[in-house]
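The block underneath contains the structure these notes are about, expressed in C-alpha cells.
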Amino acid sequence: GLGVRFEGYCENPFEWMQSFNLLILPSRYEGLPLTILEAMSLGTPVLAMSTGSIGEIIEDGKNGWIVKNGDYEGFIRKLDYIVSNRKILDEVSREASRSMEERFGKRNYIEGIKEMYKELYNRKGIPT
C-alpha cells in the first residue's frame, strides 16, 4: 500500500526513489530541482508546486502533477486524487520515464552535440 517514510540522509537515494509510488515536492521556492528529474527518469511520478522551472518539465496529469504555487489545499486535493486512483500512477509513471528519456536521454544528448559540431563546421570562416 501507500505509506510515508522519513529516512533522513541516504548515501544512494536512487535505490529508494525506484521504490516510490510518488515523489511529492511541496516547495514554494525552487529553480529546477534535480530531484524531480532523477525521480521521473526512474519512472517515479512527481506532484509539485508550480515554481521555478518545474512547469517546464511536468505536464500536469501527463507525466506528473503540478499545483499552483502556494495552493496547499489544492495540493492535498490533488494528492488525495492520486492516491485514490492507483491506476493513474502507472500511466503517469510510464510517461514520466518516457518524457525524461526523450528530453534528456543519451541519444538526444549525442544528437545535440553532433548538431552543434555540424553547425560550427558549416559556419563561414572556419577552415575545412
## Note on the structure
the chain: relative contact order from alpha carbon pairs under 8 Å, six or more residues apart, as a whole percent, is 21
### Whole-Hz ³J(HN,Hα) from phi, Karplus 6.51 cos²θ - 1.76 cosθ + 1.60, for segment 96-110, glycine and proline x
4, 5, 4, 5, 5, 5, 5, 8, 10, x, 4, 4, 5, 4, 5
### Query
Can you pull the percent of segment 1-116's accessible area that's carbon plus sulfur, 1.4 Å probe, other chains left in place?
52
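Is it possible to state the helix-based mean residue ellipticity at 222 nm for the chain, with each DSSP H run of 4+ residues giving -39500 (n - 2.57), the sum divided by total residues, to the nearest 500 deg cm²/dmol? What is it?
On the way: 6 runs with 68 residues, N = 128.
Mean residue ellipticity at 222 nm (helix-derived): -16000 deg cm²/dmol.
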### Task
Give the long-range amide H neighbours of Gly61: residues separated by 5 or more places, or on another chain, with amide H under 5 Å away, using H modelled in the peptide plane at 1.01 Å from N.
Ile66
### Task
For an R0 of 25 angstrom, estimate the FRET efficiency from the Cβ-Cβ distance between Asn21 and Arg103 and round to the nearest 0.05.
0.65
### Message
Of the listed values (1) 18.1, 63; (2) 15.5, 47; (3) 14.4, 43, identify the label whose number matches Rg and Dmax of the Cα atoms in Å calculated from this model.
### Response
(1)
### Task
Would you kindly derive the ³J(HN,Hα) couplings of segment 27-38 from the backbone phi angles with the Karplus curve 6.51 cos²θ - 1.76 cosθ + 1.60 (θ = phi - 60°), listing them in order in whole Hz, with x for Gly and Pro?
4, 8, 10, 8, x, 10, x, 4, 3, 6, 5, 5
### Task
Kindly write out, for segment 7-13 in residue order, the coupling ³J(HN,Hα) from the Karplus curve 6.51 cos²θ - 1.76 cosθ + 1.60 (θ = phi - 60°), rounded to whole Hz, with x marking Gly and Pro.
9, x, 5, 9, 5, 10, x
### Message
How charged is the neighbourhood of Asn108? Take every other residue with its Cβ under 13 Å from the Cβ of Asn108, and add Lys/Arg as +1 and Asp/Glu as -1.
### Response
+1
### Task
Would you check the chain for Lys pairs whose C-alpha atoms are within less than 21 Å, ignoring same-chain pairs closer than 8 in sequence, and give me the count?
7
### Query
Ignoring ligands, DNA and RNA, what accessible area per residue does segment 30-124 give at 1.4 Å, in Å²?
63
### Query
Any idea how far apart Tyr81 and Leu32 come out in nm if each label point goes 7 Å out from Cα toward Cβ?
2.7
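The values are calculated or read from the model by the stated rules, or taken from the named source; none is laboratory data. In this text the structure is predicted, and so the values were computed from the model without any measurement. Here Cβ is always computed from backbone atoms with ideal geometry, including for glycine, and neighbour counts include all displayed protein chains. Heads up: the accessible areas ignore ligands, DNA and RNA and are worked out on the full protein's heavy atoms, side chains in. Shrake-Rupley method; radii C 1.70, N 1.55, O 1.52, S 1.80 Å.
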